[in-house]
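Asks: Could you have a look at this structure, given as structure tokens, before my questions?
Readers should treat all values here as calculations from the given coordinates under stated rules, not as data from a laboratory. Note that the structure is a prediction, hence the values are computed from the model and not measured. So basically every Cβ, Gly included, is an ideal-geometry build from the backbone, and we count neighbours across all protein chains shown.
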Amino acid sequence: MAAVASEWFPSTENFLLAHGLLAVQVFLVLGGYLNAKSLSRVLSDDSLHATSRIWARYKRLAIPLFVALSFAVLVTELIRPFFDHNSLSAAPTPLQVFAHVFLLQDILFLEAFSAGVWYVAIDFQLFVIAIACAGLAHAWQRFSETGSVVRKVLFLWATLTLVSLFVWNLHPLGEIWGTYFLGAYGLGLCIGCWRYANLRFSHFHLSLMIVFIGALAFAYQPRERLAVAVVTAFFLCLYEAGECKPIEFLKASWLRNFSDATYSIFLIHFGVSLLISALVFNFWSENIPINLMGLLLSFALSIWLGRLIQLHIESKPASLYRLLQWAAIFAASSSAAMWLS
């Protein structure tokens, strides 16, 4: 649909194809920032409960993911005879199902069932890295018995961020690992915990230091995505320097509801897009207005289904029983897709 509709809006398609993925850098910086805010409040506790936090994060990510993947694999097989397109994945295999359950599909060089699964895996890896540093900082604090555990974890996060900016992020083949994206994520981590470290260095000065380091990294190897991450981090520092004053229009209930559902919307949109694309392709393949309406319908339907998933599945307690339940549904859906193929 996008290819047909782009005849009316060619510059929009070209812009999104060339620069759309840059939005990921904003997500990474803000994700690290929010994670650090959450962790910094409990870093001074005697026990971090790192394993339980990682397990909770996995369940929170995996349950909605299994819902969306179940939908995607079934839709793919149902429309395959009528919609020949390179966005359709091959029929599932047991190894692929296993890899998706444990977010290993890219590491094992297996085809993903849905767009965006790679980001879920990277998000989980980055969270584990952040927690591992926090656990190491706790052990360091117990050994030294001096200083601040928050300053120690800040040192570890900052060190890994610099290594990522100047080493790991320079190799595109490393995109399957969280370390590749740790430069942007780590900027958010450092900003998020800066206030709790009680340093004499203000957030305004931190923003200048980030710009300086970003300029050095960009001079070392120019990267558009790095520039977006640094600019995002700069404005985030200014927000922190302003004592994090609430932004009034962001308090709107409709925006809060939309925000709560964004993860589910992100996950379900691929299956919805496939379904609407197949329908439009088979009946109105060359009709530009209908293809454009199909895009808008796909967008609206993704929001609606994402909101339903958030209300009835994602917002429920992420128990082991519910995790196994949805993993079984995903496995059954994949088995049905194998049978249909």
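Asks: Order these by the 10 Å Cβ neighbour count, fewest first: Ile276, Ile107. Mind showing how you got there, number by number?
Replies: Numbers: Ile276 21, Ile107 13.
Least crowded to most crowded, the residues run Ile107, Ile276.
Asks: Would you mind pulling out the separation of the Cα centroids of the stretch 193-236 and the stretch 47-91, in Å?
Replies: Each part reduced to its Cα centre gives a spacing of 34 Å.
Asks: Then there is this: Roughly how many whole Å is it from the C-alpha centroid of the stretch 124-177 to that of the stretch 248-302?
Replies: The stretch 124-177 and the stretch 248-302 have Cα centres spaced 37 Å from each other.
Asks: Now for a separate question. On a straight-distance basis, which aspartates and glutamates could pair with Lys37 in a cross-link, Cα separation under 20 angstrom, same-chain partners fewer than 8 positions away excluded?
Replies: Reachable aspartates and glutamates: Asp45, Asp46, Asp123, Glu240, Glu243, Asp260.
Asks: Separate question: Regarding the stretch 1-122, what whole-number volume in Å³ per residue does the convex hull of its Cα atoms give?
Replies: 136
Asks: Farthest toward the dipole's positive end in the chain, which of Gly192, Val272, Met1, given Cβ charges of +1 (Lys, Arg) and -1 (Asp, Glu) about the Cα centre?
Replies: Highest projection toward the positive end goes to Gly192.
Asks: Just to confirm the filter: which chymotrypsin sites (Phe, Trp or Tyr not before Pro) across the stretch 236-287 are DSSP coil and have at most 10 other Cβ within 10 angstrom of their Cβ?
Replies: Numbers: sites: Tyr239, Phe249, Trp254, Phe258, Tyr263, Phe266, Phe270, Phe281, Phe283, Trp284; in loops: none.
Here no loop site has a sparse enough neighbourhood.
Asks: Ok, one more. Please state the charge dipole magnitude for the stretch 1-121, taken about the Cα centre, from unit charges on C-beta atoms (+1 on K and R, -1 on D and E), reported in debye and rounded to the nearest 20.
Replies: The dipole of the stretch 1-121 has a size of about 540 debye.
Asks: Using semi-axes √(5λ) of the Cα gyration tensor in Å as the read-out, say which of (i) 43, 22, 17; (ii) 38, 24, 19; (iii) 31, 28, 18 was calculated from these coordinates.
Replies: Here semi-axes √(5λ) of the Cα gyration tensor in Å agrees with entry (ii).
Asks: Hey, if you put +1 on the Cβ of every Lys and Arg and -1 on every Asp and Glu Cβ in the chain, which of Leu78, Pro10, Val42 ends up farthest toward the positive end of that dipole?
Replies: Of the candidates, Val42 comes out farthest on the positive side.
Asks: Placing unit charges on C-beta atoms (Lys and Arg positive, Asp and Glu negative, everything else neutral), compute the dipole magnitude of the stretch 190-248 about its Cα centre in debye, rounded to 20.
Replies: Details: 5 positive and 4 negative charges, 34 e Å.
Roughly 160 debye for the stretch 190-248.
Asks: Let me ask you something else. So what is the relative contact order for the stretch 227-341, in percent, with contacts set as C-alpha pairs under 8 Å and at least six apart?
Replies: Relative contact order, the stretch 227-341: 27 percent.
Asks: For the chain, what does -39500 (n - 2.57) per DSSP helix run (n ≥ 4), summed and divided by total residues, give at 222 nm, in deg cm²/dmol to the nearest 500?
Replies: Details: 14 runs with 243 residues, N = 341.
Only helices count here, giving -24000 deg cm²/dmol.
Asks: I've got another one for you. Give me the percent relative contact order of the chain, please, defined on Cα pairs under 8 angstrom at least 6 residues apart.
Replies: Values: 396 pairs, mean separation 111.4, N = 341.
Relative CO of the chain lands at 33 percent.
Asks: What whole-number volume per residue, in cubic angstrom, does the convex hull of the C-alpha atoms of the stretch 187-341 give?
Replies: Once divided by residue count, the hull of the stretch 187-341 is 225 Å³.
Asks: Let me ask something else about it. With +1 on the Cβ of every Lys and Arg and -1 on the Cβ of every Asp and Glu, and nothing else charged, how large is the dipole of the chain about its Cα centre, in debye rounded to the nearest 20?
Replies: Computed charge dipole of the chain: roughly 1120 debye.
Asks: Of Ala134, Leu323, Cys237, which is farthest towards the positive pole of the chain's charge dipole, taken about the Cα centre with +1 and -1 on the beta-carbons of Lys, Arg and Asp, Glu respectively?
Replies: The one lying farthest along the dipole's positive direction is Ala134.
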